[in-house]
Every structure is written in structure tokens, then in C-alpha cells.
Amino acid sequence: MPTGSLLDLCTVKMTVLNQEEIERELTQLSKGWFYNANTLVGKFSFKKYLGALDFVNAVGLLAEHQQHHPSIKLDYGQVEIHITTHDADNSLTDKDFKLAAAIDQILLE
């Protein structure tokens, strides 16, 4: 289960971001994240399948707690995460970047 600091990162209002704001927010995330077609995409590598699976499970718990569910693809040692706000016409919002920041924190644990 995510810790208090991770949960704090996911408590935000929903404001649709413009291109300048998106680019600024991207600088605050790890190098695995990029922007593509109104979607925040993260690509992460792991040495072993179980490490990738543990990461996906932690992201799933975090997403469930926040009620903001990304699309997640798991391959051997590779995880790809796609985040967008469906309630904002599939645009990027503060909520997406807060979830990405919380996911980055999982990588640091």
C-alpha cells in the first residue's frame, strides 16, 4: 500500500494543461516519461520479470487508491504506462502528473 507521502502526491484538482504547462511538468518527472498525443507515457526497464511485476502491482494499488487508472503494459523486464484524464476529454491534467510523480516515488523505494 502506498505511504502517506505517495498519497499526498495524488490528491489534486483537475485542471486541463496547455502545451507550455505540459512541457514544464515533464521536467519534474524522471527521464522515463514523455508526452504523446494527449497522453503521458512512461517506459521503465527492470532486470527481472518479478521486479517489473512488483512495480506494476504497486502502481495498481496507487491508481486504485486515487481512482485514476492508467493503461499498463507488462513485458519481460519492461513496463509501459499511459496516463490521461478520461473525465477531461482525454486531456492531460494536474492529476496525471501527480500520479506520474507518485509512480516515480515507487521507483525510488
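Observations on the structure shown:
- Residue list for region 37-61, restricted to those being small (Gly, Ala, Ser), within 16 Å of Leu26 (Cα to Cα) and either touching a Gly at 6+ places or on another chain (Cβ under 8 Å) or crowded, with 19+ Cβ neighbours inside 10 Å (or both): Gly42
- Condition check for Leu74: more than 20 Å from Val16 (Cα to Cα), at pLDDT 95 or above and touching a helix residue (DSSP H, G or I) at 6+ places or on another chain (Cβ under 9 Å): yes
- Considering region 34-55, and only residues there that are over 15 Å from Ala100 (Cβ atoms) and aliphatic (A, V, I, L, M), the residue that is farthest from the chain's Cα centre (by Cα) turns out to be Leu50.
- Counting the residues of region 62-109 that are assigned to a loop (DSSP other than H, G, I, E, B), of a type outside the set (S, T, N, Q) and farther than 20 Å from Leu29 by Cα gives 3.
The values are calculated or read from the model by the stated rules, or taken from the named source; none is laboratory data. Computed from a predicted model, the values in this text were never measured in an experiment. We place every Cβ from the backbone using ideal geometry, glycine too, and count neighbours over all the protein chains shown.
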